[in-house]
Amino acid sequence: MRAFVVTGPLTGEVQEVPEPVAGPGEVVVSVHRVGVCGTDTEFFTGEMAYLHQGHAAYPMRLGHEWCGVVAAVGPGVDPAWAGRRVTGDTMLGCGHCARCAAGRHHVCGDRREIGIRGGRPGALAERLAVPATALLPLPDAVDDTAGALVEPGGNALRAVTGAAVPPGGRLLVLGTGTIGLLVAELGRAAGAEVHLLGLPGATAFAAGRGFAGVWTRDDLPDLPWHSVVDASTAAELPALAVDLVEPGGRVVLIGLAGRPSTVDTRALVLKDVTAVGVLAASQGLAGTVERYATGAVDPRPLVAATVGLDGVAAVLAGRRPPGAGPGPKIHVDPRRGT
């Protein structure tokens, strides 16, 4: 089958690779849509920390935001999965440690992550092998575009849950990329008054989404922010989040900077602020599917363009496809040539 393989920093190509086989407890999915995210870009550039910590190595197949149709089921898997539209959890715990037993498989010390960690191939390919335990069925109301946005939506939903904005409270989201926008959409659906902070020149799309306010550092109003979510990659913004949040409020950290962030813990203590870190989508996936299916949140406008596998290298290198819309997300349909 055809798959996009990253062979080294800034080097990748479409290759013919062996077909996956559904082993015990697994299914093979015919991939219909894959999202390209910042983590994929960091692997392509060689900046991703896992490459330097021994958790990942080239060559590797990326792609952890995906949906498709189950094409084959392995031994021990309910045959009713065959032919179903699905997405799945990225985080694959060992299944027998205390963390997995407690439902925290996403922080299992021996976990593998689809398309990210432990050599588990990702979805930038025509087909993908996945443990059946990681699958989530997709209802007809969640099409392929929305289906490949369940994984980032699950991260965003966990951030909104962690923010615990009181009814009618004010939520400030730092960052106007895909995760920031999904946090904003899900926060609004939960009843919060949502504002976003973005870089100059990067706020136009967010400004058209009907939020209460979209600001830059220069014009951010002096308002009480009951919760602040940092969905950026800027090392200085976690400290800003702590500075801006109301005393007794919550700061949620879901963005990852390329260098360490510095937060003065005295500010956390003296303001009685709760800080929450969010690693993965696992516990937010089902809730995200539900919100997409009911129409409480429609994530599809975030997708600017869809390309085939032959277009992946350009996207990872930061080039937007010709005719791309204003949204931040690029999708890949492996069934397409370009």
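Read-outs: derived from the displayed coordinates by stated rules, not from any lab. Just so we're clear, the structure is a prediction, and the values are computed from it rather than from any experiment. For neighbour counting, all protein chains shown are included, and Cβ atoms are generated from backbone atoms with ideal geometry for every residue, glycine included.
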If I take the Cα coordinates of the chain and project them onto the principal axes, what are the three extents in Å, biggest first?
57, 48, 41
Amide H partners (placed H, <5 Å) of HIS32, local residues excluded
CYS67, GLY68, VAL69
³J(HN,Hα) across the range 41-50 via Karplus (A = 6.51, B = -1.76, C = 1.60, θ = phi - 60°), whole Hz, x for Gly/Pro?
4, 5, 5, 5, 7, x, 7, 4, 4, 4
Degrees between helix 285-294 axis and first principal axis of the chain (Cα, 0 to 90, nearest 10):
80
What whole-number distance in Å separates the alpha-carbon centres of the range 119-134 and the range 276-338?
17
Would you calculate a helix-derived [θ] at 222 nm for the chain, using -39,500 (n - 2.57) for each DSSP H run of n ≥ 4 and dividing by the full residue count, to the nearest 500?
-6000 deg cm²/dmol
Cα centroid of the range 10-25 to Cα centroid of the range 186-238, whole Å
39
Phi to ³J(HN,Hα) by Karplus 6.51 cos²θ - 1.76 cosθ + 1.60 over the range 135-141, Hz, x for Gly, Pro:
7, 10, x, 10, x, 4, 5
Once fully extended, how much extra length lies between ALA101 and ALA235, figured as 0.36 nm per residue of separation less the alpha-carbon to alpha-carbon distance?
44.8 nm
Which ³J(HN,Hα) values in Hz, rounded to whole numbers, follow from the phi angles of the range 103-120 under the Karplus curve 6.51 cos²θ - 1.76 cosθ + 1.60, where θ = phi - 60° and Gly and Pro get x?
x, 10, 4, 5, 10, 4, x, 10, 5, 10, 10, 4, x, 9, 9, x, x, 7
Per DSSP, loop GluC sites (Glu not before Pro) in the range 1-99 with at most 14 further Cβ within 10 Å
GLU47
Can you give the percent of C-alpha pairs in the range 156-277 whose distance is more than 20 Å?
34
Nearest-0.05 FRET efficiency for ASP272 and THR133 at R0 = 45 Å, using Cβ-Cβ distance, is 0.70
Nearest-0.05 FRET efficiency for LEU223 and ASP143, computed from C-beta distance (R0 35 Å)
0.40
